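The values are calculated or read from the model by the stated rules, or taken from the named source; none is laboratory data. All values reported here derive from a predicted model rather than from experimental measurement. Neighbour counts are summed over all protein chains in view; Cβ atoms, including those assigned to glycine, are modelled from backbone coordinates with ideal geometry.
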Amino acid sequence: MRSTTALTRTASGARPGAALPDGPARKLAAVAACALLAAGCAEAGTAGTAGTASGGGGGAKTPVKVGLVYSRTGPLAAYGKQYLDGFKAGLSYATKGTGEVDGHRIEFEEQDDAGDPAKAVSAAKDLIGKGYKVLAGSTASGVALQVGPIASQNKVLFISGPAAADKVTGLNKYTFRSGRQSYQDIRTAASFIGDAKGKKVAVLAQDNAFGQANVAAVKAVLGSQGATVEQVLAPPSATDLTPFATQAKTAKPDLLFVAWAGDSASALWTALNQQDVFADTKVVTGLDLAASYPLFGPAGDKISFLNHYFDGAAGTPVEKAMTEAVTAGGGRPDIFTPDGFTAAQMIVHAVESNHGSAEDTSALVKALEGWSFDGVKGRTTVRAEDHALLQPMFQVRLTGAGAAAKPSVEKTLTADEVAPPVTPMAG
């Protein structure tokens with residue numbers, strides 16, 4: 001039976017709430033800037049209340065309840081904390097520090113899925129049973145793909161977070177996303193090699209939902225441009241990665257795209273370096289959270305990085321506001337902090353468009369479709385046709401090693417340059 005502990009939180013990132021576990025950040029690897037399937041751990045949840053009643057008697061108005069289903073524990077806990085920090089900062093920003101929309105408090109309850117789709121589905125059903133009309137979160141792709149259909153069946157708004165699987169886009173009319181998707185990663189990777197016609201590309205990834213999504217995206221992007229695409233997939237549980245590094249080298253690709261996350265990443269980069277893969281091919285991968293930078297070791301300055309976000313990447317006024325709020329709350333912006341911030345912006349906009357009510361979820365959906373706004377990374381648009389989130393992406397270089405490793409933006413790709421093709425809405 002799920003236990004829920006009441007905990008009051010403020011919307012402002014300027015005041016830290018009760019401490020949340022940082023999670024095993026040192027075990028999270030640098031490689032794919034994404035979330036993936038993960039084994040579940042603890043199953044605790046906390047409830048939170050954002051903001052206070054307005055001076056005009058707004059406390060008597062019905063609050064808007066938002067359910068956050070994300071990885072508070074488990075292998076993706078560090079990603080989850082970034083998301084939560086961003087959400088609180090975004091809620092404060094979007095409501096101008098009040099935590100209210102038209103006098104209605106935005107209240108959020110946290111449910112921990114630990115990266116386990118079964119736990120996420122159970123938590124979503126629990127929240128829906130309590131009358132929640134808005135769900136957000138989903139650190140893992142496997143979670144988002146299970147929660148999305150539940151949202152559609154029950155006609156509740158669902159805004160997926162860091163989960164990168166392309167299938168989340170166009171999943172159904174009630175499902176949106178506040179982060180980027182694998183296709184945008186691949187479009188950014190493709191920008192490193194220019195004309196792909198006649199080129200050979202290999203994808204080195206884990207054999208899970210995230211890895212398979214990256215293979216499909218590489219085939220869709222580079223394959224359609226005339227490249228030959230091969231795949232090298234390793235079991236997520238594999239610890240000896242030399243055989244897979246050897247396969248990648250033997251393939252002799254012009255471009256090796258690495259999509260990886262988890263505590264085996266350091267071993268992977270060691271294996272690739274030992275096999276001298278970098279001497280024969282251009283290696284592209286995603287730059288993950290800051291704690292993972294040292295895991296690249298000597299390979300760090302040999303890699304071409306695509307990037308969703310790192311602290312300081314965008315240089316926008318909204319990024320500055322997010323950074324100030326998160327820092328004041330004792331945190332530090334990282335790769336998925338904008339995903340939480342953007343989710344809060346989307347929720348507040350949808351509720352505001354409906355005069356402080358979340359009861360008519362079809363109206364919430366309509367308010368978000370086609371909405372363009374200033375986000376952390378710059379101008380951001382919710383595409384009406386399939387709910388893809390159109391946003392800039394970055395080419396990044398990592399300099400220095402170990403604790404001294406620092407990222408810098410080499411090029412910013414516009415939202416149009418990395419936009420995925422329109423996906424027919426499935427439901």
**Q.** Answer from L272, L295, L306 - the residue that is of a type in the set (A, V, I, L, M, F, W, C) and within 20 Å of E410 (Cβ to Cβ)
**A.** L306
Q.
Give me the residue from the stretch 278-305 that is aliphatic (A, V, I, L, M) and assigned to a helix (DSSP H, G or I) and, out of that set, modelled with the highest pLDDT.
A. A290
Q | Scope the stretch 219-241; condition in contact with a Ser or Thr (Cβ under 9 Å, 6 or more places away or on another chain) and either in contact (Cβ under 8 Å) with a residue 40 or more places away in the chain or assigned to a helix (DSSP H, G or I) (or both); matching residues | A | P236
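If you scan the stretch 261-277, which residues turn out to be within 25 Å of R187 (Cα to Cα) and either part of a strand (DSSP E or B) or touching a helix residue (DSSP H, G or I) at 6+ places or on another chain (Cβ under 6 Å) (or both)?
We begin by selecting, within the stretch 261-277, every residue within 25 Å of R187 (Cα to Cα); these are 261-262, 265, 268-269, 272, 277.
Residues satisfying the conditions are A265, W269, L272, V277.
Here are some residues: A165, A120. Which one is farther than 19 Å from L368 by Cβ, in the same structural domain as V348 (by TED's automatic domain parsing), of a type outside the set (D, E) and in contact with an Asp or Glu (Cβ under 7 Å, 6 or more places away or on another chain)? If you could, list the steps in order and put the result at the bottom.
Numbers: A165 fails: in contact with an Asp or Glu (Cβ under 7 Å, 6 or more places away or on another chain).
Matching residue, one of A165, A120: A120.
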Q) Does the stretch 362-374 contain any residue that is in contact with a Leu (Cβ under 8 Å, 6 or more places away or on another chain), surrounded by 21 or more Cβ atoms within 10 Å (Cβ to Cβ), among the β-branched types (V, I, T) and assigned by TED's automatic domain parsing to the domain that holds V168? A) no
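When only residues in the stretch 334-361 that are touching a residue at least 60 places away in the same chain (Cβ under 8 Å), of a type in the set (D, E) and in a loop (DSSP other than H, G, I, E, B) count, which is surrounded by the fewest Cβ atoms within 10 Å (Cβ to Cβ)? Break it down into steps so the answer makes sense when it comes.
Going residue by residue through the stretch 334-361, those that are touching a residue at least 60 places away in the same chain (Cβ under 8 Å) are 334-352, 355-359, 361.
Right, trim to of a type in the set (D, E) and you get 334, 339, 352, 359.
The next check asks that each one be in a loop (DSSP other than H, G, I, E, B); those that pass are 334, 359.
Working: D334: 24, E359: 11.
Only one residue tops the list, namely E359.
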Q. Which condition number does S191 fail, the rest of (1) in contact (Cβ under 8 Å) with a residue 60 or more places away in the chain; (2) buried (at least 24 other Cβ atoms within 10 Å of the Cβ); (3) outside the structural domain of L135 (by TED's automatic domain parsing) being met?
A. (2)
